[in-house]
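What follows is a set of notes on a single structure, which appears directly below.
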Amino acid sequence: MKMSKYVSFFSFIFGITAFMYILMFHTAIGKYRGDVVYLGKEHLVLVAISSLLAIVFGVFIGALLSRKIFEKHAENIMQIFNISVTVPTLAILALSMSFLGIGFLPSIVGLFIATLLPIIKNTFVGLKSVQPYILEAARGIGMSPMQILFKIEIPNALYVIFSGIRTALAINVGTTPLVFLIGGGGLGDLIFSGIDMDIMPMLLAGAITTGILAIVIDKTVYIISTLVISRGVMPENN
Amino acid sequence: MIELKNLCKIFKTGNKSIVAAENISMRVKEGEICVLLGPSGCGKTTTLKMINKIIEPTSGEIFVNGKNVTNVDNIVLRRKIGYVIQQIGLFPNLTVKGNISIVPKMLHWDKERIDRRAEELMEMISLDKSYLSMYPKELSGGQQQRIGVARALAANPPVMLMDEPFGAIDPINREIIQDEFLRLQKKIKKTIIMVSHDITEAIKMADKIAIFKEGVLQQFDTPDNILAHPGNSFVENFVGKDRTLKRLNLYSVVDVMNKTPFIFNDNDNVCDAIKIMHENSLASVFIVDKDKKPVGRLVLKDVKNLKKNDGKCINYMIELKSMIKIEENLRNISSQMYLHSKSSFVCVDNDDKIVGEISQDGISNFLNATYKKEPKGYENV
């Protein structure tokens, strides 16, 4: 079972690498090889920093909202979050720029905010959906609230939390090209320049690489989730 | 030992207050099972949950093994009290071993001791060690229930609280698990308070029954006294009109049988037997072989016209169709009496040797004995 999962993961990585190789060495896109590597790195840094921050804060805020002290207000707060999801990511970046100027910092902040909400939402829902009798059993055998949170609630909510993280990362990777518009760099540079100058291979070099990054990151997070989430919590066909 | 003194719980919702438990006082002796019984909403679960402070009492005191625990820290207290709930509540993210070693881990036992204890517990609940690495969702309901009990027993707490522990199991498995639990309890002798709404279960499991109605303790007594002498009309209705039949469940053959019946060997002269039957006005006697195993019944009206020297008992007896093991309960025996239209049976031990005789009259007299004594009635505390 477990072996085959790794085999499929590595063959997937191999396939992607081969695809990129052909793209870079046997097509017109290959002309932008240097740019793809340089901007790709920038892109990855933006994704990594903003999404790690979002995961840390998102899980923390979600967990906080699921505590008893927030019982009365949590639903209302979640409603506000749900409405904020409808704000277009481009608008979030524009807002970030109007407060923080242009460059790296406003890009990170904008991406962070766009990524945060699905993580908060799934963490909250995941923790709330742990059956009350499981919590009663935990209390009844003498676990402290902290022990219950870390040993029972979070491990049992991990599957839902991870699906939130995957959704958030997909949004994050997809939004990152836009930060070029507020001076954040990344693969958006190739895409927007390609559009403006009407150079198709340049546009594709940025777009295809962004797409592949999104797929690889999603697959990687999935593999991590199967390692972290207890077999007892995984749905049957996983 | 668990003692409750004037325990009260008042829930406040808005400006209304609901009394869930009113002045509950009772004492459960060490090694006893006490069943809290009543219709839903009667305060039995509230009372149970106040003991480990899942529900904080409004007033009153609780003593566990003589120590006042009213001001003991909740978490410290709960680790010393085993707790089993109806939905079992095994932790899905942990293996069976993770589940049953969670309390010892919190008490900082070393790894070796935890491993040893885990294996010991699996043996106690008669499950194979290979289950230790499985997850709760891979087990059947009955197996999960056993693991739930094992988890509660893990750190060897002196007392256990059980909230309808067998409620979620199908009736056939419930019987099996109840029997298993009683066998286990005989070995471990914990002080147990258990909530139930099933009078049959209560009669089977309890040393003491506490009946509740609307937050008030109605009667606290042994199952037999509850059934024989209900303290008020509520208790009488609750235990049912067939309460005398329910009492049959409480006793086994060995409690009631005549331990010195008249018996004859198969080679004895039939005339001796007739003489004894006449002298003691018996309708029949049992015939045994040389190993003391019962083989037949000699009925007086079949043989009373026989003259002297008419031979051995074995030639005149009727062969026995059924024998009764002494650990059978009286309800089963009564059922067999109706089935075979017999008013008496021979009782044998596990080697099939005769040890006594049980008769309908014997059972009636036994059940009636309690009514001739002064009724004990409401035993408070």
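The values are calculated or read from the model by the stated rules, or taken from the named source; none is laboratory data. Predicted, not measured: the structure shown is a model, and the values here were computed from it. Here the Cβ is made from the backbone with ideal geometry for all residues, glycine too, and neighbour counts use every protein chain on show. All accessible areas refer to the heavy atoms of the entire protein, side chains included, with ligands and DNA or RNA removed. Shrake-Rupley method; radii C 1.70, N 1.55, O 1.52, S 1.80 Å.
Just a few scattered comments:
- In region B:192-238, the residues that are open to solvent by less than 20 Å² (accessible area, probe 1.4 Å) and over 30 Å from B:Ala152 (Cα atoms): B:Asn225, B:Leu227, B:Ala228, B:Val235
- Residue within region A:192-211 that is over 28 Å from A:Phe10 (Cα atoms), crowded, with 17+ Cβ neighbours inside 10 Å and under 21 Å from the mean Cα position of the chain (by Cα) present: no
- Which numbered condition B:Lys342 misses (of (1) in contact with a Gly (Cβ under 7 Å, 6 or more places away or on another chain); (2) of a type outside the set (Val, Ile, Thr); (3) without any contact (Cβ under 8 Å) to a residue 24 or more places away in the chain): (1)
Residues checked against (1) crowded, with 20+ Cβ neighbours inside 10 Å; (2) within 14 Å of chain A (Cβ to nearest Cβ):
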residue	(1), (2)
B:Ile10	no, no
B:Ser17	no, no
B:Lys44	yes, no
B:Ile55	no, yes
B:Phe63	no, no
B:Asp73	no, yes
B:Arg78	yes, yes
B:Gly89	yes, yes
B:Val96	yes, yes
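- Members of region B:302-325 that are open to solvent by 40 Å² or more (accessible area, probe 1.4 Å) and within 14 Å of B:Val256 (Cβ to Cβ): B:Lys325
- Complete set of residues in region A:120-130 that are in a helix (DSSP H, G or I) and open to solvent by less than 70 Å² (accessible area, probe 1.4 Å): A:Ile120, A:Asn122, A:Thr123, A:Phe124, A:Gly126, A:Leu127
- Residue check, B:Lys321 outside any helix (DSSP H, G or I) and closer than 22 Å to B:Arg247 by Cα: no
- Flag for B:Glu112 being more than 14 Å from chain A (Cβ to nearest Cβ), surrounded by 15 or more Cβ atoms within 10 Å (Cβ to Cβ) and either of a type in the set (Val, Ile, Thr) or out of contact with any Pro (no Cβ under 6 Å at 6 or more places or on another chain) (or both): no
- Number of residues in region B:125-152 that are within 11 Å of another protein chain (Cβ to nearest Cβ) and closer than 22 Å to B:Trp109 by Cα equals 4.
- Segments classed as strands (runs of 3 or more DSSP E), wholly inside region B:1-65, with at least 3 members that are β-branched (Val, Ile, Thr) and in contact (Cβ under 8 Å) with a residue 40 or more places away in the chain: B:16-28
- Tally, over region A:131-178, of residues that are more than 9 Å from chain B (Cβ to nearest Cβ) and either buried (at least 22 other Cβ atoms within 10 Å of the Cβ) or under 18 Å from A:Tyr222 (Cβ atoms) (or both): 22
- Residues located in region A:69-88, provided they are in a helix (DSSP H, G or I) and either in contact (Cβ under 8 Å) with a residue 60 or more places away in the chain or touching a helix residue (DSSP H, G or I) at 6+ places or on another chain (Cβ under 9 Å) (or both): A:Phe70, A:His73, A:Ala74, A:Ile77, A:Met78, A:Phe81, A:Asn82, A:Ser84, A:Val85
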